[in-house]
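Enquirer: Below is a structure I'd like to ask you about.
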Amino acid sequence: ASPSEFVIPLAKYIKAAFHTRVTVGMRFRMLFETEESSVR
């Protein structure tokens with residue numbers, strides 16, 4: 001197997017994992033902000 005055959009799926013996996021983490025982080029932040037604003 002050539003390096004490029006391994007690097008491309010790895011890059012796709014990293015991009016997908018990063019995208020998932022960003023999406024979850026934003027969703028959690030929105031949830032936290034609405035929770036905090038309702039307390040006041």
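Only the coordinates and a few stated rules stand behind these numbers; no lab work does. None of the values given here were measured: they were computed from a predicted structure. Note: ideal-geometry Cβ built from the backbone for every residue, glycine included; neighbour counts use all protein chains shown.
Enquirer: Using only Cα atoms, figure out Rg for the chain and give it as a multiple of 2.2 N^0.38 Å.
Expert: On the way: Rg = 17.5 Å, N = 40, 2.2 N^0.38 = 8.9 Å.
After normalising by residue count via 2.2 N^0.38 Å, the value is 1.95.
Enquirer: Please determine, in degrees from 0 to 90 and to the nearest 10, the orientation of helix 3-39 with respect to the longest principal axis defined by the Cα atoms of the chain, where the helix direction is its Cα long axis.
Expert: Its long axis makes an angle of about 0 degrees.
Enquirer: Net charge near ARG29, counting Lys/Arg +1 and Asp/Glu -1 over other residues with Cβ under 15 Å of its Cβ? Don't skip to the answer; put the middle values down first.
Expert: Working: positive: ARG21, ARG27; negative: GLU33, GLU35, GLU36.
Net local charge, ARG29 excluded: -1.
Enquirer: Quickly work out the ALA16-to-ARG29 label distance, labels modelled 7 Å from Cα along the C-beta direction, and quote it in nm with one decimal.
Expert: 2.5
Enquirer: Where nothing but the Cβ of Lys and Arg (+1) and of Asp and Glu (-1) is charged, how large is the charge dipole of the chain around its Cα centre, in debye to the nearest 20?
Expert: Values: 6 positive and 4 negative charges, 12 e Å.
I would put it at about 60 debye.
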